[in-house]
Amino acid sequence: MAPRANWKGFLRLSLVTCPVALYPATSDTEKVSFNQINRKTGHRIKYAKVDAETGEEVANDDIMKGYKIDTDTYIEVSKDELDDIALESTRTIEIDEFVPRADIDSRYVIRPYYLVPDGKVGHDAFAVIRETIRNMDKVAIGRVVLTNREHIIALEPLDKGLMGTLLRYPYEVRSETEYFDDIQDVKITKDMLDLAKHIVEQKSASFEPEQFEDRYEQALVDLINQKRNGLSTNAKAAPKSTGNVINLMDALKRSLASEKQATPAAEKAKGKKPKKAAAGQREMLLPISGGGKRAAKETVKEAPKKAEKPVRTAARTKKAG
């Protein structure tokens, strides 16, 4: 099933306009997730919206927004009042300016989206806007309203479409000075910098995200596999601390030596084909029929297709973290 658009409207550059749809470029749905359950019964925990003072459950129709101005004092704001101040950019991404990509501080980046033409019309106008941005080698800055709030969005060409990146406002970004003031000014010798440079050169590579493995996610998969198969789970011993570095120069020399030894092995491993996923891993990712503690130990015979998740790949040559 094709993903559902988060937003639909129009992209406008001066008098050039085309209908577009905005789709999330990332997803967390493939990650292992948990429900909260009652330890005694094995049933899911259900949350109810209750009045903080009376303890009585409140119907959705009786719930409204309130801005807290004192301990027990709120300014009530209705949905109609919020609709009345809806911004003009609710259905249009208006391109305001073009800036160099290098000018966008990475601290302002929130999340990426894909922007595509919506329907069969407007593809020519979309292409004109896309290629104009591409030929100028800049990023288009516009505004878009998502969940009733206006966001800054940076648009740049990506293959045949556009990638839109939501940006934070200045008041959302904290200044680094309050964190960096206590960092000591220390003198670094040229020899230390040269050794560190050699280590960086030994570890330099092209960024290939498919080579990285989410080790915690894989550990969750392994844990659930073991519990489903009735195997005991033994806690791993905590890694021993290496303690403080007494001699920085000695540590740099040893680091460089270890990197030189590791490089041939890493290059050899990189050329190998990835291993096949472990048998039974797909079964682990299917839901367990029934409920309670007993169901967690039973073998799954058949499950709804919608709950099936892709088989995790085997360990790769690089690891994140």
GluC sites (Glu not before Pro) within the range 32-89: DSSP coil, no more than 10 neighbouring Cβ in 10 Å: E53, E56
Those trypsin sites (Lys or Arg not before Pro) in the range 10-91 that DSSP places in a loop and that have at most 14 other beta carbons within 10 Å: K31, R39, K40, K46, K49
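Which three semi-axes in whole Å describe the equivalent ellipsoid of the range 1-42, each the square root of 5 times a Cα gyration tensor eigenvalue, listed largest first?
Details: eigenvalues 349, 20, 14 Å².
Largest first, the range 1-42 gives 42, 10, 8 Å.
Going through the range 130-161, which trypsin sites (Lys or Arg not before Pro) have at most 13 other Cβ atoms within 10 Å and a DSSP loop state?
Values: sites: R130, R134, K138, R143, R149, K160; in loops: K138, K160.
Answer in residue order: K160.
To one decimal place, what orientation-averaged projected area in nm² is obtained for the convex hull of the Cα set of the range 69-217?
Numbers: hull surface 70.0 nm².
Value for the range 69-217: 17.5 nm².
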Label zone at M136, where the point sits 7 Å out along the Cα-to-Cβ direction: the range 6-46 residues whose backbone N lies under 17 Å: 11-18
Inter-part distance where the range 5-77 and the range 160-184 are each reduced to a Cα centre, Å: 25
The range 205-239 residues near the modelled M163 label - backbone nitrogen below 15 Å, point 7 Å along Cα→Cβ: 207-210
Dipole in debye (nearest 20) - the range 63-116, about Cα centre, beta carbon charges: Lys, Arg +1; Asp, Glu -1: 420
Listed residue pairs exceeding 19 Å between alpha carbons, taken from K203/K253; K138/K160; K8/K138; K46/K68; K236/K260; K8/K120: K8/K138; K46/K68; K236/K260
Efficiency of FRET from Cβ geometry, L193 and N35, R₀ 51 Å, rounded to 0.05: 0.50
Computed label-point distance, nm, for sites R254 and K68 using a 7 Å Cα→Cβ extension: 5.0
³J(HN,Hα), Karplus 6.51/-1.76/1.60, whole Hz, each residue of the range 181-186, x for Gly, Pro: 4, 8, 6, 6, 8, 10
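No lab work stands behind these numbers, since they all come straight from the coordinates. All figures in this text were calculated on a predicted structure; none of them were measured in a lab. Ideal geometry is used to build each Cβ from the backbone, glycine not excepted, and the neighbour counts take in all protein chains shown.
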